[in-house]
Amino acid sequence: MTTDFTSGWEYQTDSAPDCTLPPDVQKAFDSATRGMLSLPLVPVLYAARRVGIGTSYCIVCKLAAQAMP
């Protein structure tokens with residue numbers, strides 16, 4: 001864990017496991033991230049869904065290992 005001394009938040013610096021998204025969420029994620037080749041994202045937490053005019057998803061991601069310097 002590392003602490004951001006400006007805000008007091010501690011954030012995880014160890015490797016986060018990948019998560020398996022439900023098929024409809026995976027389809028939306030793939031559509032939303034298509035073309036983002038410079039930032040390959042890997043979902044680690046599917047947190048929430050909101051249905052209104054369309055559907056919104058809250059997905060926490062990490063950068064894929066090959067994107068790390």
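Scanning the range 10-56 for residues that are at pLDDT below 85 and in contact with a Ser or Thr (Cβ under 7 Å, 6 or more places away or on another chain) gives 10, 11, 13.
Residue pairs whose Cβ atoms lie under 8 Å apart, sitting 6 or more positions apart in sequence or on different chains, and linking a residue in the range 40-67 that is closer than 15 Å to residue 21 by Cβ and open to solvent by 50 Å² or more (accessible area, probe 1.4 Å) to a partner that is at pLDDT below 85 and assigned to a strand (DSSP E or B), are 41/62; 41/63. When the residues of the range 17-30 are filtered to those that are open to solvent by 70 Å² or more (accessible area, probe 1.4 Å) and within 11 Å of residue 57 (Cβ to Cβ), the one that is nearest to the chain's Cα centre (by Cα) is 27.
The values are calculated or read from the model by the stated rules, or taken from the named source; none is laboratory data. Because the structure is a prediction, the values reported are computed rather than measured. Ideal geometry is used to build each Cβ from the backbone, glycine not excepted, and the neighbour counts take in all protein chains shown. Note: areas computed on protein heavy atoms with side chains; ligands, DNA, RNA excluded. Shrake-Rupley method; radii C 1.70, N 1.55, O 1.52, S 1.80 Å.
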